[in-house]
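First comes the structure, then the notes that go with it.
The values are calculated or read from the model by the stated rules, or taken from the named source; none is laboratory data. Because the structure is a prediction, the values reported are computed rather than measured. With ideal geometry, Cβ positions are generated from the backbone for all residues, glycine too; neighbour counts draw on all protein chains shown. Note: areas computed on protein heavy atoms with side chains; ligands, DNA, RNA excluded. Shrake-Rupley method; radii C 1.70, N 1.55, O 1.52, S 1.80 Å.
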Amino acid sequence: MKYMLLIYSNEAGMPQYTPEEQKAAAQAWYGMMQEAQAAGVWLANNGLASVADATTVRIREGKTLFTDGPFAETHEQLGGYILLNCKDLDEALLWAAKVPAAHYGSIEVRP
């Protein structure tokens, strides 16, 4: 079963890393990815540009509306995803708990 781990965090509250901390954070992400690849569950991942670069499209009463930024005001914004192939939801949740962003944001898991 494929599971998407949606990575949310507050862009305004993102950690401000020193160069050393940035290197350690990158290694944590890389280590998690290597572990998932070695386990055979890793399929894909990607990050997204800032929510400030987003455009929302809606069609209402036959009219197409374009809005800069996200449609909904939220405290956390979608920043990226990881796609895994896990045997069940329990396994996907274990992997979600290993995502470094879970320490400062949240990881939504969807089949």
Here are the criteria: (1) touching a helix residue (DSSP H, G or I) at 6+ places or on another chain (Cβ under 9 Å); (2) part of a strand (DSSP E or B); (3) open to solvent by 80 Å² or more (accessible area, probe 1.4 Å). Tell me which single one Asn46 does not satisfy.
(1)
Can you tell me which residue in the stretch 22-58 is farthest from His75 (Cα to Cα), limited to those that are under 15 Å from the mean Cα position of the chain (by Cα) and polar (S, T, N, Q)?
Asn45
Checking Leu6 against (1) out of contact with any Asp or Glu (no Cβ under 6 Å at 6 or more places or on another chain); (2) surrounded by 11 or more Cβ atoms within 10 Å (Cβ to Cβ); (3) modelled with pLDDT of 90 or more: exactly one of these is not met. Which one?
(1)
Output yes when any residue across the stretch 83-104 is at pLDDT below 95, exposed (fewer than 14 other Cβ atoms within 10 Å of the Cβ) and within 30 Å of Met1 (Cβ to Cβ), and no when none is.
yes
Of the residues in the stretch 49-64, those that are part of a strand (DSSP E or B) and either open to solvent by less than 70 Å² (accessible area, probe 1.4 Å) or charged (D, E, K, R) (or both) come to Thr56, Arg58, Arg60, Lys63
Hey, among Thr67, Thr74, which residue is polar (S, T, N, Q) and either open to solvent by less than 70 Å² (accessible area, probe 1.4 Å) or modelled with pLDDT of 95 or more (or both)?
Thr67
On the basis of being touching a strand residue (DSSP E or B) at 6+ places or on another chain (Cβ under 8 Å), among the β-branched types (Val, Ile, Thr) and more than 13 Å from Ala101 (Cα to Cα), does Thr67 make the cut?
yes
Scanning the stretch 10-51 for residues that are in contact with an Asp or Glu (Cβ under 8 Å, 6 or more places away or on another chain) and at pLDDT below 90 gives Asn10, Pro15, Ser50, Val51
Would the stretch 9-21 turn up any residue that is more than 20 Å from Cys86 (Cβ to Cβ), within 12 Å of the chain's Cα centre (by Cα), small (Gly, Ala, Ser) and surrounded by 12 or more Cβ atoms within 10 Å (Cβ to Cβ)?
yes
